[in-house]
Amino acid sequence: MRRNLENRLFRAEAAANATGWADLWSARHRALLRVKVKICDAIKESLDGNGFEPELLIWREKAAADLANIPDSPELRAADEAILRRAHRGRRIVAL
């Protein structure tokens, strides 16, 4: 009987962690898309239109399109920041 309870608890814990990992992966993915867009915008602004690489523009547009398909919102950003903050306790996180 005790072994059956331990197995059930293990499966329940594994299922809870799997959901947590899916949420963490999604939050990281969205955060990376946001960062790609910001980096490309910063590079474009710093070059002031002089020699802006077309590949960089394509990279930025793809990230922006993927982000638009989510759809991104301030509430989702706040939720992502909370998920990432919990996942990286004790590490320095830079909010974007």
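Every number here is computed from the coordinates shown, using simple stated rules; none is lab data. If you're wondering where the values come from, they're calculated on a predicted model, not measured in any experiment. So basically every Cβ, Gly included, is an ideal-geometry build from the backbone, and we count neighbours across all protein chains shown.
Subtracting the Cα-Cα distance of S73 and E61 from 0.36 nm times their residue separation leaves 2.5 nm of extension gain. With the highest mean first, a sort of the peptides 66-77, 24-35 on other beta-carbon atoms found within 10 angstrom per residue produces 24-35, 66-77. Partner aspartates and glutamates whose Cα lies under 16 Å from the Cα of K62, excluding those fewer than 8 positions away in the same chain, are identified as D41, E53, D72.
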